[in-house]
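A.B. asks: Structure incoming, see below.
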């Protein structure tokens with residue numbers, strides 16, 4: 001069993017007017033087997049949290065700590081974090097022309113596991129996961145994310161989640177831009193990932209609709225760069241009815 | 001003869017301002033007469049990026065009395081012959097030399113290599129023409145005429161090896177309805193200097209895919225001009241270059257949309273590494289009054305892998321009619337895309353490997369478009385060798 005511990009995390013970005021603080025003291029602990037939903041209005045810093053955990057160079061951690069099973073995550077490079085078991089499903093996956101999906105998946109799997117996957121089982125695993133996510137076979141030979149539709153990109157992120165089997169997955173607005181069928185396919189993928197109870201998920205979303213398919217154990221309302229309220233799944237129901245008006249009003 | 005020069009417009013007259021008024025405003029100066037072309041000094045628009053002192057006098061008056069060795073590997077259906085300079089195939093592309101080195105090569109070439117693909121013939125095996133230079137100390141001239149007969153379908157690979165100071169002209173005549181792929185590979189030794197001009201004349205409803213791959217040489221400057229013999233021609237012009245320290249690779253293109261419903265798609269991509277690596281790409285597209293319903297797009301991308309390398313990229317569109325389907329261009333020069341590297345690293349891939357994947361991918365997407373399996377592997381292998389140089393440079397902190 002693992003845990004991801006975020007303590008008093010402060011994060012800034014460089015702007016033309018100097019550094020601007022986006023995260024203002026985030027405290028959050030995720031254990032294996034738990035799904036946490038982070039919900040909040042636009043501009044509340046949800047995506048900043050996701051990218052800071054993954055180590056995007058645009059974000060500077062000014063104070064606080066992030067530990068994965070006691071190891072200092074902030075001290076690790078981007079690729080070290082991934083190899084330590086962190087995964088970020090991105091809101092806007094990046095196009096990399098000329099690198100095929102199959103080559104990319106195999107390279108990533110080899111990097112994460114420290115050895116090349118056994119060819120026969122790997123091909124079978126990839127095929128099976130692709131079928132589960134209703135991804136066409138021809139997809140494997142396409143250039144990474146290049147010319148993918150929004151829905152294809154999101155399904156491809158979940159395909160990686162299933163194949164790379166990280167300890168903790170951060171899903172950054174994976175539901176945005178998906179129609180109802182795609183949302184169900186993607187949610188089923190996340191539920192397969194967590195089915196054994198040994199994975200942790202941080203589900204970042206603006207809307208409550210994905211929570212009909214993925215049941216969170218905890219819901220955190222994120223406003224003004226930190227957690228404003230915490231609760232169980234019932235908190236999501238409240239947000240569904242009332243939106244973020246209370247919180248945004250309070251922070252203004 | 002002057003009628004054949006119509007698409008260049010200019011017959012044998014001088015640079016004077018009156019010249020533009022006499023023919024189309026889009027016309028370039030062109031002449032078979034060597035002396036009608038002044039010796040370029042390096043300040044001229046056409047030469048401002050070229051290091052003139054390294055041209056070994058090819059642009060001036062160095063005798064071009066040498067030649068290159070020619071070897072051929074072709075399907076028997078394709079006729080490859082070496083003929084005299086008076087062969088009637090010469091000039092059938094309607095090309096008229098656009099600069100002095102090209103005019104000098106035209107005047108000096110004693111032999112012409114003629115490649116003929118018969119009409120209505122499909123040839124699967126690529127025709128490989130290997131031109132090997134013997135010395136960079138002696139000026140040489142060359143001439144190749146490729147004729148793809150009506151409705152033929154074939155692939156030609158033109159590769160340059162060895163050491164040379166070469167000025168040459170390559171004419172490509174694509175017959176009506178023909179499909180032709182022409183790939184030029186500059187795999188020169190380090191001291192080679194090559195000023196090359198290629199002219200592609202695209203027949204009615206013909207399809208041509210033209211690629212210029214530049215790896216070796218001290219200075220390689222390839223001018224590619226293309227025009228259409230009739231409506232409906234479809235041209236794809238691809239280029240790939242990997243420029244090392246001290247190397248100068250220059251590609252200048254002029255696509256002349258002189259007929260209606262013609263199409264052109266230009267994509268040139270290159271990487272540069274090391275001090276004094278210099279890439280130049282000039283892409284001119286002319287859309288003439290009569291070129292209704294045409295579609296054109298040009299793209300140049302440069303990946304600058306180390307400090308001290310320089311890429312100049314100038315796309316240029318000159319339009320005389322607005323009645324077109326589409327026209328656009330884009331040019332981008334930069335270092336690695338940080339977002340691509342972040343994405344790959346976020347999947348556990350170490351930074352060195354991520355960079356390799358990105359560069360490989362950068363070239364692989366172009367090599368795939370060239371679409372000639374017979375050379376794809378070799379081209380990727382060359383890219384890998386170049387990447388190894390990049391790593392050495394990185395290790396040295398250059």
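A.B. asks: Looking only at other chains, what is the average number of their beta-carbon atoms within 10 angstrom of each beta-carbon in A:98-105? If you can, show how the numbers build up before the last one.
C.D. replies: Values: counts 13, 10, 3, 0, 0, 4, 6, 1.
If you average over the peptide's residues, the count of other-chain Cβ atoms is 5.
A.B. asks: How would you order B:383-392, B:354-363, B:219-228, A:94-103 from highest to lowest mean count of nearby Cβ atoms within 10 Å? Don't skip to the end; give the middle numbers.
C.D. replies: Details: B:383-392: 15.5, B:354-363: 21.9, B:219-228: 24.7, A:94-103: 20.1.
Going by the mean number of other Cβ atoms within 10 Å, highest first, we get B:219-228, B:354-363, A:94-103, B:383-392.
A.B. asks: Residue A:165 to residue B:290: FRET efficiency via 1/(1 + (r/R0)^6), r the Cβ-Cβ distance, R0 56 Å, to the nearest 0.05? Please report the intermediate quantities before stating the final value.
C.D. replies: Numbers: r = 62 Å, r/R0 = 1.11.
In this case the efficiency is close to 0.35.
A.B. asks: Going by average Cβ density within 10 Å per residue, which order do the peptides A:235-242, B:239-246, B:57-64 take, highest to lowest? It would help to have the intermediate numbers written out before the result.
C.D. replies: Values: A:235-242: 15.0, B:239-246: 23.5, B:57-64: 17.9.
Order by mean packing, descending: B:239-246, B:57-64, A:235-242.
A.B. asks: Something else about it: Please work out the C-alpha center-to-center distance from segment B:199-258 to segment A:178-250 and express it in whole Å.
C.D. replies: 54 Å
A.B. asks: Between residue A:240 and residue B:380, what is the label-to-label distance in nm when each label sits 7 Å out along the Cα-to-Cβ direction?
C.D. replies: That separation, rounded to one decimal, is 5.0 nm.
A.B. asks: If you don't mind, there's one more thing I want to ask. On a 0 to 90 degree scale, rounded to 10, what angle separates helix B:351-370 from the longest Cα axis of chain B?
C.D. replies: 20 degrees
A.B. asks: Also, quick follow-up: If each residue of separation counts as 0.36 nm, what is the full-extension length gain between residue A:27 and residue A:198 once their alpha-carbon separation is subtracted? Before the final figure, lay out the partial values.
C.D. replies: Numbers: separation 171, 0.36 × 171 = 61.56 nm, distance 2.19 nm.
Taking 0.36 nm per residue and subtracting the Cα distance, the gain is 59.4 nm.
A.B. asks: Note the angle between two axes, namely the Cα long axis of helix A:180-194 and the longest principal axis of the Cα atoms of chain A, as a number of degrees from 0 to 90, rounded to the nearest 10.
C.D. replies: The answer is roughly 90 degrees.
A.B. asks: To the nearest Å, what is the center-to-center distance of segment B:171-193 and segment B:328-385, using C-alpha atoms only?
C.D. replies: Taking the Cα centre of segment B:328-385 as reference, the centre of segment B:171-193 is 24 Å away.
A.B. asks: Now for a separate question. Please list, by residue number, everything in segment A:17-42 whose backbone N is under 14 Å from a paramagnetic label point 7 Å out along Cα→Cβ of residue A:191.
C.D. replies: No residues fall inside that zone.
A.B. asks: In whole angstrom, note down how far apart the Cα centers of segment B:280-323 and segment B:62-98 are.
C.D. replies: 29 Å
A.B. asks: Another question, then. Which order do peptides B:322-329, B:67-74, B:109-116, B:257-264 fall in by mean Cβ count within 10 Å, highest first?
C.D. replies: My ranking of the peptides, most packed first, is B:257-264, B:109-116, B:67-74, B:322-329.
A.B. asks: Also: What is the fewest-to-most order of B:153, A:109 by other Cβ atoms lying within 10 Å of their Cβ?
C.D. replies: On the way: B:153 17, A:109 21.
Least crowded to most crowded, the residues run B:153, A:109.
A.B. asks: Suppose the chain between residue B:120 and residue B:79 were pulled fully straight at 0.36 nm per residue; how much longer would it get relative to their current alpha carbon spacing?
C.D. replies: Answer, rounded to one decimal: 13.3 nm.
A.B. asks: How far is helix B:373-395 tilted off the main Cα axis of chain B, in degrees rounded to 10, range 0 to 90?
C.D. replies: With rounding to tens, the tilt is 50 degrees.
A.B. asks: Right, another one. Can you classify chain B as rounded, prolate or oblate using the Cα gyration tensor, where a ≥ b ≥ c are the square roots of its eigenvalues, rounded means a/c under 1.5, and otherwise it's prolate if a/b beats b/c and oblate if not?
C.D. replies: Details: a/c = 1.39, a/b = 1.32, b/c = 1.06.
Taking the square roots of the gyration eigenvalues as a ≥ b ≥ c, chain B is rounded.
A.B. asks: Hey, another quick one. If R0 is 60 Å, what FRET efficiency do you get for residue B:150 and residue A:14 from their C-beta distance, rounded to 0.05? All intermediate terms of the calculation are to be shown ahead of the outcome.
C.D. replies: Details: r = 62 Å, r/R0 = 1.03.
Efficiency computed from Cβ-Cβ geometry: 0.45.
A.B. asks: Connecting C-alpha atoms closer than 10 Å in a GNM of chain B, tell me which of B:247, B:340, B:125 has the biggest fluctuation.
C.D. replies: Result: B:340 has the largest fluctuation of those listed.
A.B. asks: How many Cβ atoms of partner chains, on average, are near each residue of A:78-86 if near means within 10 Å of its Cβ? Each step should come with its number before you reach the end.
C.D. replies: Values: counts 12, 12, 3, 3, 6, 4, 1, 1, 2.
Across A:78-86, the average partner-chain Cβ count within 10 Å equals 5.
A.B. asks: Further question: Suppose only helical runs count, i.e. DSSP H with n ≥ 4. What mean residue ellipticity at 222 nm does that imply for the protein assembly as shown under -39500 (n - 2.57) per run, divided by all residues and rounded to the nearest 500 deg cm²/dmol? Don't jump to the answer; show the numbers that get you there.
C.D. replies: On the way: 13 runs with 155 residues, N = 650.
After summing the helix terms and dividing by residue count, I get -7500 deg cm²/dmol.
A.B. asks: Then there is this: Tell me, what is the FRET efficiency for residue B:137 and residue B:368 to the nearest 0.05, using R0 = 56 angstrom and their Cβ-Cβ distance as r? Intermediate values should be presented prior to the final figure.
C.D. replies: Numbers: r = 39 Å, r/R0 = 0.70.
The calculated FRET efficiency here is 0.90.
A.B. asks: To continue, here is another question. Assuming a ≥ b ≥ c are the square roots of the Cα gyration tensor eigenvalues, decide whether segment A:74-131 counts as rounded (a/c under 1.5), prolate (otherwise, with a/b larger than b/c) or oblate.
C.D. replies: Details: a/c = 1.91, a/b = 1.32, b/c = 1.45.
Oblate, because a/c is 1.5 or more while a/b does not exceed b/c.
A.B. asks: Sticking with this one: Would you order B:124, A:198 from fewest to most other beta-carbon atoms within 10 Å of each residue's own beta-carbon? Don't skip to the end; give the middle numbers.
C.D. replies: On the way: B:124 9, A:198 13.
Going from sparsest to densest Cβ surroundings: B:124, A:198.
A.B. asks: Which ordering of B:188, B:106, A:122 is given by a fewest-first count of other beta-carbon atoms within 10 Å?
C.D. replies: Numbers: B:188 27, B:106 24, A:122 17.
With the sparsest Cβ surroundings first, the list reads A:122, B:106, B:188.
A.B. asks: Okay, moving on. Between residue A:229 and residue A:181, what is the label-to-label distance in nm when each label sits 7 Å out along the Cα-to-Cβ direction?
C.D. replies: 3.7 nm
A.B. asks: Can you tell me how much longer the chain between residue A:72 and residue A:1 gets when fully stretched, taken as 0.36 nm per residue apart minus their C-alpha distance, in nm with one decimal? Could the numbers behind the result be given before it?
C.D. replies: Details: separation 71, 0.36 × 71 = 25.56 nm, distance 1.73 nm.
Extra length available between residue A:72 and residue A:1 comes to 23.8 nm.
A.B. asks: Note down the nm distance, to one decimal, between modelled labels 7 Å out along Cα→Cβ at residue A:217 and at residue B:70.
C.D. replies: Calculated label separation equals 7.7 nm.
A.B. asks: Between rounded, prolate and oblate, where does chain A land on the alpha carbon gyration tensor, with a ≥ b ≥ c its root eigenvalues, rounded for a/c under 1.5, else prolate if a/b exceeds b/c? Please list the in-between numbers first.
C.D. replies: On the way: a/c = 1.65, a/b = 1.39, b/c = 1.19.
Verdict is prolate for chain A.
Values quoted throughout were computed directly from the atomic coordinates according to the rules given, and no laboratory measurement underlies them. What you see is a predicted model, and the numbers here were worked out from it, not measured in a lab. Note: ideal-geometry Cβ built from the backbone for every residue, glycine included; neighbour counts use all protein chains shown.
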